[in-house]
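Structure record follows, encoded as structure tokens.
No value in this document is a laboratory result; all are computed from the given coordinates. As the structure is a prediction and not an experimental result, all values here were calculated from the model. For neighbour counting, all protein chains shown are included, and Cβ atoms are generated from backbone atoms with ideal geometry for every residue, glycine included.
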Amino acid sequence: AGDQSIVVDVTLAVADSCAMVWFRYDGNRGYQLAACTDRLEMAQVGGAIVKSIGKAQSATLRPGTRHQLSITVAGPYATVAIDGATVIQGAVAGPNLAAGRIVLGVTGTRAASAAEARFADLEVRAS
């Protein structure tokens, strides 16, 4: 699989929101990043099975503030940075997950809470 970089500006509207970025996503398989106000977590998704491959507690994403989120895939690893500072790294060497779509979305941290995220200036590069 080739190297890839995904850069997008993210604004979480409320504290209970998580911006979601799926990459190398093919149907119900791929990788996902949940970027929340208190944590970031990268996972490998395979149907109903979600396996964490990197996570960190972080207070970097403040609600109402625009932040640059980047995911850089180089070789068998993906590195996630917020505003240029590396936050997590994880292995993305799944043999059947070498290519796929990029999907943006949002989820809430609590079942009954509203969630909203805004995305802008998406840039994707492959090499």
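Structure above, values below:
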read-out	value
Within-14-Å neighbourhood charge of V14 [Cβ basis; K, R +1; D, E -1]	0
Neighbourhood charge, 15 Å Cβ-Cβ cut-off, centred on V45 and excluding it, Lys, Arg +1 and Asp, Glu -1	+3
Rounded Å value of the spacing that divides the Cα centres of the stretch 1-75 and the stretch 101-120	11
